[in-house]
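The structure appears below as C-alpha cells.
Read-outs: derived from the displayed coordinates by stated rules, not from any lab. In this text the structure is predicted, and so the values were computed from the model without any measurement. Glycine also receives a Cβ, built like all others from the backbone with ideal geometry; neighbour counts cover every protein chain displayed.
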Amino acid sequence: MFLVLVVIIAGSLTGAALAATTDFVADGNVGITGVVYGAFTSELTIMNGSKAESIDFTSGTFTVTNPDATAGFKVGSGTFTAKSIRVRSQAQSSETVCADNTTLGTSYVTLPTTADVYTVYGSETACEGSGSTSGGGGGGGGNNKPKKPKVTTPAVPATPAVPGVSPAIPASPALFNASPNARFNRPLSAGGTGDDVRELQRFLNQRGFMIASAGPGSPGNETNYFGPATKAAVIKFQVTNGIIASASEQGAGRVGPLTTAKLNELAAGAPASAMPPASSAAPMNIPTDPVARQALVQTLTTQLESLKAQLQAMLAAQAGN
C-alpha cells in the first residue's frame, strides 16, 4: 500500500487598487477589506444586486457615487469587528445613515438614492439614537438618521473619478471574487460563523490540514464556528501554499483575498478525497525559510498521523468482519 502526499506551492498574486467604474452592478456579494475611517479599519461587503453609477476604493476610502434608485445599494460586513456600518454624504458633509451590524449576511445599510457621493465605512460603536437597525430579507436596511457619532475625524475622502470611465474593475487584493459560483466569497476570521466556515473546515480536513482529530471540527464533525483550531489550520494552509512565510506575518490565520483565491483555485480542481496515483504526484517543493520548512514538516506529520489513524480504523473494521 502506498500513501502519497501532494503539496502544492502557490504562486504570488498581485493586483492594482480598486478604481472607479461606470454602472457598477454587484454580481454576487463583493467583499472589500481595509476600509479605513479615522483610526478604525473594517471589512465591508457590497450586497448582491447593488447598483450605482460608480464606486471607488482608494487608500482605504470607499465611496459610492449616485446609488441606483431602483436596484438600491446595500453594504454589510463579513465580520463582527464593525459594530455598525455608516454612510456620510459629501454634499451635506455629515453622516446620514447608520445600521447596526448584528447578523452576518443579513445586516446591511441601504444608501440614500439622492444624487451624491457617499463615503461608506465601519465603526467600532453601535448606532446612536432610537435603535437604528439593519435590513434583512426583503426589507431595506438602516435608513434612519443617527445622532452625530463620536468618531475620530477622518482624512478627507479621495475625490471620486469622473463618471464615464469605461474600464472594468481590475483584480485587486482588496476585492474578493464576486462570482456566485465561487466556493468562498467573503473574508473569514476568528470569531466568524456561517455555512462557509463549515465548508472551510471540511476543505482543510480533506487536504490534511486537520481542524481536530476527534470531536467538533474533526472530519465529519465540522462546525460553522471559526475558532482557534480553525485559525491554526488556516495558518498551516497558508504557509504550505506560500501565502505567508510564518505564523507571525500579518494576515496569518485570516482568510483574506490571497487565501480565498487559492481556496477557490484548489476547490475548482479534483476532489481531495480521491488520492491521485503515484505517477501523478507532483515533486515536493521544500521551502528554504527555516520557519516555513518547520511548518511544512508539522503539516506533513499531521497528514501522516491522520492517514495512520484511518488505516488503523480500516484494519480494525476488517478484523471485526
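Along the range 222-232 the Karplus relation, 6.51 cos²θ - 1.76 cosθ + 1.60 evaluated at θ = phi - 60°, assigns HN-Hα couplings of 5, 10, 9, 10, 8, x, x, 5, 5, 4, 4 Hz to successive residues, with x for each Gly and Pro. Here the peptides 237-247, 207-217, 301-311 are ranked by packing, the mean other Cβ count within 10 Å, and the order with the highest first is 237-247, 207-217, 301-311.
Based on the Cβ-Cβ distance of Thr288 and Asp23, what FRET efficiency does E = 1/(1 + (r/R0)^6) give at R0 = 41 Å, to the nearest 0.05? Present the calculation step by step, with values, prior to reporting the outcome.
On the way: r = 47 Å, r/R0 = 1.16.
Between Thr288 and Asp23 the formula returns 0.30.
In this structure, Asn224 and Ser93 have a Cβ-Cβ separation that, at R0 = 30 Å, corresponds to a calculated FRET efficiency of about 0.10. As a proxy for reagent exposure, Thr58, Thr45 were ordered by neighbouring Cβ count within 10 angstrom, fewest first; the result is Thr58, Thr45. Distances between placed amide hydrogens fall under 5 Å for Ser54 paired with Asp23, Phe24, Thr65, all partners being 5 or more residues away or on another chain.
Inter-label distance, Ala317 to Phe80: 3.7 nm, where each label sits 7 Å from its Cα along the C-beta direction.
Within the set of other residues whose C-beta is less than 14 Å from the C-beta of Thr33, count the net charge using Lys and Arg as +1 and Asp and Glu as -1.
On the way: positive: Arg186, Arg254; negative: Glu43.
Surrounding charge for Thr33 is +1.
Ranked by the mean number of other Cβ atoms within 10 Å of their residues, highest first, the peptides 193-201, 115-123 come out as 115-123, 193-201.
Given N residues in the range 195-320, what is Rg(Cα) / (2.2 N^0.38 Å)?
Numbers: Rg = 15.1 Å, N = 126, 2.2 N^0.38 = 13.8 Å.
It is 1.09.
Against the globular-protein guess of 2.2 N^0.38 Å, express the Cα radius of gyration of the range 39-85 as a ratio, rounded to two decimals. Write down the numbers at each step before the final one.
Working: Rg = 11.5 Å, N = 47, 2.2 N^0.38 = 9.5 Å.
Against the empirical 2.2 N^0.38 Å value, I get 1.21 for the range 39-85.
Using the Cβ of Lys83 as centre and a radius below 12 Å, the other residues enclosed give a net charge of -2, where K and R count +1 and D and E count -1. The slack between Thr113 and Gln310, meaning 0.36 nm per residue of separation minus the straight C-alpha distance, is 65.1 nm.
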